[in-house]
Amino acid sequence: MTTDAQRETIWKALDSFRTEVPSWGFANTGTRFGKFVQPAAATTLEEKFSDAGQVHALTGAAPTVALHVLWDLPNGVRDVPEVQALARKHGVAAGSINPNVFQDQEYKHGSLGNPDPAIRARALAHILDSVKIARALGSRDLSLWFADGSNYPGTQSIRRRIGWFEEALQEVHGHLGSGQRMLVEYKPFEPAFYHTDIADWGMALLLARAAGPQAVVLVDTGHHYLSQNIEQIVAWLLREKMLGGFHFNDRRYADDDLTLGSIDPYQVFRIFHEIVSLEREASKPYDVAYMIDQSHNLKGKVEAMVQTVCTAQELYAKAALVDQERLARLQDECRLVEAEECLRGAFWTDVRPAIREWRRSKGLAQDPLKALTESGYVERMARERGQRNRGAIATYA
Ligand code: PSV
Ligand code: MN
């Protein structure tokens, strides 16, 4: 049970909490071993917007959808009017724009880090097109992830590639509109297994700094070595005013793309706690883009996305409950067990009844997952999209 004061804190936290969903989280995905096609999965951009619209209608907390340029806008800026029409129709706006410089054959040895200047130029041109798309859609964030790297020692010059990245990111930065941001994502390995050009937060931070003042770092929670202290990275990035956003997901081993909080909800809570504690200290919200980056291979996609948004709300609400002043006092006095219990107490508080009430007050379903089941949306989509998806199974088999 929560007290009235806690309930008020939770409601206030939820009023401001928003998270973006990824268009690719609604499409059929798999592992390198195979793809299990789902009858209700989205294949067209309209279907992805429709699914994202459902998630937002049910949760009230996911008003934007991240777009991956080659997957969603294959004709580049010419697809912008269609995106705008779909956004109007389904009640969700276009969010971050993700260029794709990893899937084409040319990028076998890298994109901006490729030793071939013509391929670097090609990747740069695609990213600049993506900036144009973002500007036309009114999207603030250009979200950059590079698969660049190498598989064997000595096969590439790590140092020269840093220079090529720096040069290109500076050029991209020069094309950003005044309100736009460039998010630089890092990942320690996969697909490259010896060196990845932007492997950790330090490399992302230095490249973002070199690019210009509108460049910041994106933390994908799945992109760390096992047992790495992610909230410490978050604390440093906050201090340096370089935390731009998150790609949320959970993992057990590597970049597993599991549902947020399914393996380690305490980790996500601790990340939120770092942000909330800074916000309380500064008495103003910290501008960070919360985004989900998950592709569910086995779980139903819309169901898993609703579950994720609800989990994010719960963990954010718990972090809002930490008594920051008391915690700071206990820390200063090195009252270790009490300090830890102060943090843990918030984590273990059942915020769900207060969240249900908040939802009711907003005219939302108290239990979004149950409401999704009762709406019959997924079954309807399975009927409408099933034949096409079954065709995909046939093609795949
Ligand atoms: C790469 O693993 C990543 O996290 C990047 O953010 C990509 O844009 C996304 O997944 C989809 O492949
Ligand atoms: Mn990511």
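Table for the structure above
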| item | result |
| --- | --- |
| Members of the range 274-291 found to be more than 10 Å from residue 243 (Cα to Cα) and touching an Asp or Glu at 6+ places or on another chain (Cβ under 9 Å), listed by number | 274, 280, 285, 290, 291 |
| Top-ranked residue of the range 361-378 - restricted to ones that are within 27 Å of the chain's Cα centre (by Cα) and open to solvent by 80 Å² or more (accessible area, probe 1.4 Å), ranked as farthest from residue 34 (Cα to Cα) | 362 |
| Total residues in the range 194-223, condition more than 15 Å from residue 243 (Cβ to Cβ) and within 14 Å of ligand 1 (Cβ to nearest atom) | 5 |
| Candidate set: the range 184-205, residues that are over 20 Å from residue 141 (Cβ atoms) and away from ligand 2 (no atom under 16 Å from the Cβ); chosen: the one surrounded by the most Cβ atoms within 10 Å (Cβ to Cβ) | 195 |
| Selection status of residue 179, within 14 Å of ligand 1 (Cβ to nearest atom) and in contact (Cβ under 8 Å) with a residue 24 or more places away in the chain | no |
| Verdict on residue 147 being under 26 Å from the mean Cα position of the chain (by Cα) and assigned to a loop (DSSP other than H, G, I, E, B) | yes |
| Residue 121 among the hydrophobic types (A, V, I, L, M, F, W, C) and either surrounded by fewer than 19 Cβ atoms within 10 Å (Cβ to Cβ) or touching a Lys or Arg at 6+ places or on another chain (Cβ under 9 Å) (or both) | yes |
| Of all residues making up the range 224-264, the number that are within 13 Å of ligand 1 (Cβ to nearest atom), in a loop (DSSP other than H, G, I, E, B) and in contact with a strand residue (DSSP E or B) (Cβ under 7 Å, 6 or more places away or on another chain) | 2 |
| Test result for residue 137, surrounded by fewer than 22 Cβ atoms within 10 Å (Cβ to Cβ) and either within 16 Å of ligand 1 (Cβ to nearest atom) or under 20 Å from the mean Cα position of the chain (by Cα) (or both) | yes |
| Only listed residue being of a type in the set (Lys, Arg), closer than 23 Å to residue 70 by Cβ and either open to solvent by 10 Å² or more (accessible area, probe 1.4 Å) or within 16 Å of ligand 2 (Cβ to nearest atom) (or both), chosen from 209, 159, 181 | 181 |
| Search result, residues across the range 28-65 that are assigned to a helix (DSSP H, G or I) and open to solvent by less than 30 Å² (accessible area, probe 1.4 Å) | 45, 47, 48, 49, 50, 51, 52, 53, 55, 58, 59 |
| Odd one out for residue 128, checked against (1) under 22 Å from the mean Cα position of the chain (by Cα); (2) outside any helix (DSSP H, G or I) | (2) |
| Residues (assigned to a helix (DSSP H, G or I), closer than 22 Å to residue 49 by Cβ and either away from ligand 1 (no atom under 16 Å from the Cβ) or at pLDDT below 95 (or both)) located in the range 265-308 | 302, 303, 306, 307 |
| Residue list for the range 88-109, restricted to those being free of Cβ contacts under 8 Å to residues at least 40 places away in the same chain, over 24 Å from residue 185 (Cβ atoms) and part of a helix (DSSP H, G or I) | 88 |
| Among (1) within 16 Å of ligand 2 (Cβ to nearest atom); (2) out of contact with any Lys or Arg (no Cβ under 7 Å at 6 or more places or on another chain), the one test that residue 141 misses | (2) |
| Failed item, numbered, when residue 316 is tested on (1) within 14 Å of residue 248 (Cα to Cα); (2) modelled with pLDDT under 95 | (2) |
| Selected residue (criterion: nearest to residue 50 (Cα to Cα)) from residues of the range 63-78 that are in contact (Cβ under 8 Å) with a residue 12 or more places away in the chain and more than 16 Å from ligand 1 (Cβ to nearest atom) | 63 |
| Criterion (within 30 Å of residue 87 (Cα to Cα), touching a residue at least 40 places away in the same chain (Cβ under 8 Å) and not polar (S, T, N, Q)) met by exactly one of 165, 193, 246, 189 | 246 |
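The values are calculated or read from the model by the stated rules, or taken from the named source; none is laboratory data. Note that the structure is a prediction, hence the values are computed from the model and not measured. Virtual Cβ from ideal backbone geometry, glycine too; neighbours counted across all protein chains shown. Ligands, DNA and RNA are excluded from the accessible area calculation, which covers all protein heavy atoms including side chains. Shrake-Rupley method; radii C 1.70, N 1.55, O 1.52, S 1.80 Å.
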